[in-house]
Structures are given as structure tokens and as C-alpha cells.
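Q: Have a look at this one.
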Amino acid sequence: MNIQSTVMSEGFALNVSIRGNGRPILVVGSSIYYPRLFSEQLYTSFQLIFLDHRGFVKPPRTLEPEEYTLDKVLDDIEAARQTLELEDFIILGHSGHAFMALEYAKKYPEHVRKVVLLNTAPTNSPERQQQSFAFFNETACPERKRQFEADIALLEGDIQREPERRFAHMCIRMGAHSFYDYAYDAAWMWEGVFTNMPVIDHLWGEAFARLNLIDSLKEVAKPVLIGLGRYDYLVSPVSLWNAINGSQANVKKAIFEKSGHNPMFEEPDLFNAILTDWIDETDN
């Protein structure tokens, strides 16, 4: 199955890309970017529903700040759930979208069966971001550091050329922080992806900085899988999650030893196996 559709919410045209057959997994983020990260094999067991949010679609008007709060995004997800008639589904959030997924499960728990949080730190506060940079500087190999210095030197020119794509360019030039293969060029992943920078700046810079996922997990009784990459310097170190140590029976943590920020792309077979086994185990 491969279906493209659109959900309207307060004038925003949120695109939906549905791939595969089986138990539904709602993937919050860009309907263009995220299908490029998951392997075709996963679509034989699950139906992945890739949903845009306001940060990845052209706005229908000049937006006021109250139109791109996190609560508005959560309400958009709920509008999509109703339109798509999802009654019993898994919600998956990767990177900053993990905050959206968990907060949605808190605000609208009725139809959420499980929650998957991938490659995120517990908070996106400036202090945590500085901690991640410090960890990179202290522990990354010299070759990785040289690659990062060469790539990041190109970022200013990228932004001057296409300021509206600042988020995408930053993600591309941070490849040495993002991939186990520190020289990997992820530019193709971002081709055709629209970024609404006022929305993204607010969510990543303010909303996610005020949240702490470890605290939020205490309010969620659903089964939760946390997936982390050992070489994911964007949200490093994995020890930020040491408080998740098995004391919460509903929360499982998996660390991918040869992945950076995208284990579903970098270690697809292992990722698929861990995700599938966890879903099967928590169904019993």
C-alpha cells in the first residue's frame, strides 16, 4: 500500500504518506523526509503513516505566535487521527518529534497503544545542547572532528543562499555529529522538504527546551520504547538517559552501537528486529 492524502487543520494542508500493511504506526514529522529513513522491509509488517506538522508545510497566512505552539501541533495530530480514523495505533517521534509524540500520548491517550521515542535527549535546553557539544569535543575521534570543521565552515554560505532552508542546511552540515559514518552526505534526504522556520524555531528553541521527557514519562502508562544511537552526538551522551534503568516497567531502552542519529537508516535490520520484537512482546 502506498497512499498520499492531505488532512486540513485550521487552514494548514498536512500531507500524509501511508506505506505498508499491518499494525499502524503514526510517524510525526515530514511526510517527505521520514519515508526516506525507514526500510521497505518494515512495510511488510506495519503500516507507517507519515504525517506533516506545521513546521513542514507552507502556512496558509502570516502566522501569529499563538498559531504555532506545541498544543496547536498536538491538536493537528488529533485532527489527523480523527480524519484517518485511527482507533488503536503506535505513535513514533524521532529527534525533536519525540517531544510531540510523548506530549500527544499525554494529552490524547485514548487511542494510543504504544509510544516510540527515537534519538532525542530528555530536553533541548541550551545547557543540554552545550553538554552535547562538550561531549563531542571530548570524545570524538580526530577524523570526525576534522570532517565536522570542514562541513560546518560551509553552513554560513548555505544559509546566505537559502535562508528559508536554514534548518535543513544545519542538519546536513552537522553530519559528523549525526552519522556513524561521519562523512555521510545526507543532502538527498532533505530534497523537497519545506521548512517553516518561525514554527521550527519556536518548537526546537523554546517549547522543547522547557520540557523534560524523563519527567513526562512518569505521566505515561503506555509501553514506551526509547531508541538511541551511540554515535548520535546531536543529543549525546546516551548517559543522559541513565535514569531510565529498568525501574519503570513500561519503558524499554535500546542503544544502537553503530548508529548516529538515524538507526532506522544506519542499522535497518537490527532496528526492525528490535522494534518488531518490542511490539510483539508488549502486545502480550
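Q: Taking Leu234 as meeting all but one of (1) crowded, with 18+ Cβ neighbours inside 10 Å; (2) not in a helix (DSSP H, G or I), write down the number of the exception.
A: (2)
Q: Among the residues of the range 22-33, are any without any contact (Cβ under 8 Å) to a residue 60 or more places away in the chain and surrounded by 20 or more Cβ atoms within 10 Å (Cβ to Cβ)?
A: From the range 22-33, those without any contact (Cβ under 8 Å) to a residue 60 or more places away in the chain are 22, 31; that's our starting set.
From what is left, the residues that are surrounded by 20 or more Cβ atoms within 10 Å (Cβ to Cβ) are 31.
Within the range 22-33 (the criterion being without any contact (Cβ under 8 Å) to a residue 60 or more places away in the chain and surrounded by 20 or more Cβ atoms within 10 Å (Cβ to Cβ)), the answer is yes, since at least one residue qualifies.
Q: Residues of the range 189-230 being under 16 Å from Lys253 (Cα atoms) and outside any helix (DSSP H, G or I), which ones? Break it down stepwise before answering.
A: Step one: list which residues in the range 189-230 are under 16 Å from Lys253 (Cα atoms), which gives 213-218, 220-230.
Answer for the range 189-230, where residues must be under 16 Å from Lys253 (Cα atoms) and outside any helix (DSSP H, G or I): Lys218, Val220, Ala221, Lys222, Pro223, Val224, Leu225, Ile226, Gly227, Leu228, Gly229, Arg230.
Q: Which members of the range 194-204 meet the condition of being over 15 Å from the mean Cα position of the chain (by Cα) and touching a residue at least 24 places away in the same chain (Cβ under 8 Å)? Working first, answer last.
A: We begin by selecting, within the range 194-204, every residue over 15 Å from the mean Cα position of the chain (by Cα); these are 194, 196-199, 201-202.
Within the range 194-204, Phe194, Asn196, Met197, Pro198, Val199, His202 qualify.
Q: Within the range 142-172, track down each residue that is in contact (Cβ under 8 Å) with a residue 12 or more places away in the chain and assigned to a loop (DSSP other than H, G, I, E, B).
A: Answer for the range 142-172, where residues must be in contact (Cβ under 8 Å) with a residue 12 or more places away in the chain and assigned to a loop (DSSP other than H, G, I, E, B): just Leu154.
Q: Can you tell me which residue among Ser45, Ser17 is under 18 Å from the mean Cα position of the chain (by Cα) and either among the hydroxyl-bearing types (Ser, Thr, Tyr) or assigned by TED's automatic domain parsing to the domain that holds Phe179 (or both)?
A: Numbers: Ser45 fails: under 18 Å from the mean Cα position of the chain (by Cα).
Going through Ser45, Ser17 in turn, the sole match is Ser17.
Q: Here's another thing I want to ask about it. Do we find that Asn262 is within 28 Å of Tyr180 (Cα to Cα) and under 16 Å from the mean Cα position of the chain (by Cα) in this structure?
A: So Asn262 fits the description; yes.
Q: Then there is this: Any residue in the range 59-74 that is modelled with pLDDT of 95 or more, surrounded by fewer than 16 Cβ atoms within 10 Å (Cβ to Cβ) and not polar (S, T, N, Q)? Lay out the reasoning, then the answer.
A: Residues of the range 59-74 that are modelled with pLDDT of 95 or more, as a first pass: 69-74.
From what is left, the residues that are surrounded by fewer than 16 Cβ atoms within 10 Å (Cβ to Cβ) are 71.
Now drop any that are not not polar (S, T, N, Q), which leaves 71.
The answer is yes, given that some residue of the range 59-74 is modelled with pLDDT of 95 or more, surrounded by fewer than 16 Cβ atoms within 10 Å (Cβ to Cβ) and not polar (S, T, N, Q).
Q: Follow-up. Which of the residues spanning the range 245-256 are in contact with a helix residue (DSSP H, G or I) (Cβ under 7 Å, 6 or more places away or on another chain) and either assigned to a loop (DSSP other than H, G, I, E, B) or of a type in the set (Gly, Ala, Ser) (or both)?
A: Taking the range 245-256 as the starting set, the residues that turn out to be in contact with a helix residue (DSSP H, G or I) (Cβ under 7 Å, 6 or more places away or on another chain) are 248, 251-256.
Answer for the range 245-256, where residues must be in contact with a helix residue (DSSP H, G or I) (Cβ under 7 Å, 6 or more places away or on another chain) and either assigned to a loop (DSSP other than H, G, I, E, B) or of a type in the set (Gly, Ala, Ser) (or both): Gln248, Ala254.
The values are calculated or read from the model by the stated rules, or taken from the named source; none is laboratory data. This structure is a prediction, so every number in the text was calculated from the model and none was measured. A quick note on method: Cβ atoms are made from the backbone with ideal geometry, for glycine too, and the neighbour counts reach across all protein chains shown.
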